[in-house]
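Visitor: Got a structure here, written out as structure tokens. Questions coming.
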Amino acid sequence: MATRSIEIGPAGIQAARNIERLRLLRGLSQRGLAERCTALGRPMTNIALSRTERARRRCDVDDLVAIASALGVSPISLLTTWAAPRG
């Protein structure tokens, strides 16, 4: 039986962009962020995080909460449009 590709919607794509953007702003590698999530009780590999950031893997609500906590932001901040600081 063939499996259907999981479509990532606009909120998922926005979350993927925000996760990567905030991870890079904090100077974290994908492995480092995945380790923080694991330490918070949500086991995650750097491969899973990479796929999430590339919108190749859905980010479920438990992942979203753990990633937000590991990045030091609220989960809603990962779902909303993020504006770069003016410089």
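Visitor: Just need the relative contact order of the chain here, percent rounded to a whole number, with Cα pairs under 8 Å and 6+ apart.
Guide: Relative contact order comes out at 37 percent.
Visitor: I've got another one for you. Go through the range 1-72 and name the GluC sites (Glu not before Pro) that are in a DSSP coil and have 16 or fewer other Cβ atoms within 10 Å of their Cβ.
Guide: Those satisfying the criteria are E7.
Visitor: Follow-up. Given +1 on the Cβ of Lys and Arg, -1 on the Cβ of Asp and Glu, and no further charges, what dipole in debye does the chain carry about its Cα centre, rounded to the nearest 20?
Guide: That gives a dipole near 240 debye.
Visitor: Still on this structure, please answer the following. Would you mind finding the longest exposed-site-free stretch of the chain, with exposed trypsin sites (Lys or Arg not before Pro) meaning DSSP loop and at most 13 other Cβ atoms within 10 Å?
Guide: Longest run free of exposed loop sites: 5-53.
Visitor: Now, a different point. Taking the Cα atoms of the chain alone, what are Rg (to one decimal) and Dmax (as a whole number) in Å?
Guide: Looking at the chain, its Cα Rg and Dmax stand at 12.9, 53 Å.
Visitor: For I67, I19, I47, which order do you get if you count the other beta carbons within 10 Å of each Cβ and list the fewest first?
Guide: I47, I19, I67
Bear in mind that the values in this text are calculations on the coordinates, not laboratory data. From a predicted model like this one, the values you see are computed outputs, not experimental measurements. Every residue, glycine among them, receives a Cβ derived from its backbone with ideal geometry; neighbour counts consider all protein chains shown.
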